[in-house]
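So the structure is just underneath, and the comments pick up after that.
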Amino acid sequence: MPVSSGFSSGRDGAVIAKFEAAEVSILSSLVGMVLGLVAPGETSDDPLERALGIGDGAAPSDPVLARLFPSAYEDEKESTEFRRYTEATLRDGKRADAQTLLDTAAPGRVELTPEQAQAWLRSLNDVRLTLGTRLEVTEEIHDELESMSEDDPRYPAFVTYDWLTYLQDSLVRALW
């Protein structure tokens, strides 16, 4: 898989990257997957609660959603109440960040405003959390990847996860 040069700092806080068409395709596919996961959640039957996006507060059973929307409190009752009032807004934010990435990702040179770069950072993090949870990534990922055969059916996914880590790291460095 081709590897971009990552992100670098530009003028006036801009962030610059150069992507191959295949990289944009992979990013778009992965971000699209996350968009499907963070679709608006279930809301109450109450019209006012539905209008305000107040949900039932139930913790997600899907491990990926549990990772993307972790419990805010150890106490289940407090966590449920907090989730009722915040999850819809969090989902909206994740969808907006993902859409920003989709709207600005293009083959060739990409220049992002500081706000767009922050949205990319959050969206890349969501993609990494999603993929990492599905792959059951541990801190030993680099050791696993080094010893993994390219014939291993998991190899492309692990390499993609590693590439996303690199992109995220280079974006953090370009922002600061």
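A compact table of results
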quantity: Helices (runs of 4 or more DSSP H) (entirely within the stretch 111-176) containing at least 2 residues that are more than 19 Å from Asp97 (Cβ to Cβ), open to solvent by less than 60 Å² (accessible area, probe 1.4 Å) and of a type outside the set (Gly, Ala, Ser); calculated: 141-147, 155-175
quantity: Where a residue in the stretch 81-102 is at positive phi and its partner, wherever it lies, is modelled with pLDDT of 95 or more and open to solvent by less than 30 Å² (accessible area, probe 1.4 Å), with Cβ under 7 Å and at least six apart; calculated: none
quantity: Asp103 vs. criteria within 26 Å of Ser25 (Cα to Cα) and part of a helix (DSSP H, G or I); calculated: yes
quantity: Hits in the stretch 1-13 (condition: closer than 13 Å to Trp120 by Cβ and either at pLDDT 95 or above or open to solvent by 20 Å² or more (accessible area, probe 1.4 Å) (or both)); calculated: Phe7
quantity: Pair list, Cβ under 6 Å, 6 or more apart: the stretch 132-160 residue under 24 Å from Ala22 (Cβ atoms), other residue at pLDDT 80 or above and among the small types (Gly, Ala, Ser); calculated: Leu135/Ala157
quantity: Qualifying residue in the stretch 15-24 (condition: at pLDDT below 90 and surrounded by 15 or more Cβ atoms within 10 Å (Cβ to Cβ)); calculated: no
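Table: residues versus (1) in contact with a strand residue (DSSP E or B) (Cβ under 9 Å, 6 or more places away or on another chain); (2) under 23 Å from Thr130 (Cα atoms); (3) modelled with pLDDT of 70 or more; (4) loosely packed, with under 15 Cβ neighbours inside 10 Å.
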position: Pro47; (1), (2), (3), (4): no, no, yes, yes
position: Gly57; (1), (2), (3), (4): no, yes, yes, no
position: Pro60; (1), (2), (3), (4): no, yes, yes, no
position: Arg67; (1), (2), (3), (4): no, yes, yes, no
position: Tyr73; (1), (2), (3), (4): no, yes, yes, yes
position: Lys77; (1), (2), (3), (4): no, no, yes, yes
position: Thr80; (1), (2), (3), (4): no, yes, yes, no
position: Arg83; (1), (2), (3), (4): yes, yes, yes, no
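The values are calculated or read from the model by the stated rules, or taken from the named source; none is laboratory data. Model, not experiment: these values are computed from the prediction. Every residue, glycine as well, gets a Cβ built from its backbone with ideal geometry; the counts of neighbours run over all protein chains shown. Accessible surface is based on the protein model in full, side chains and every heavy atom, while ligands, DNA and RNA are left aside. Shrake-Rupley method; radii C 1.70, N 1.55, O 1.52, S 1.80 Å.
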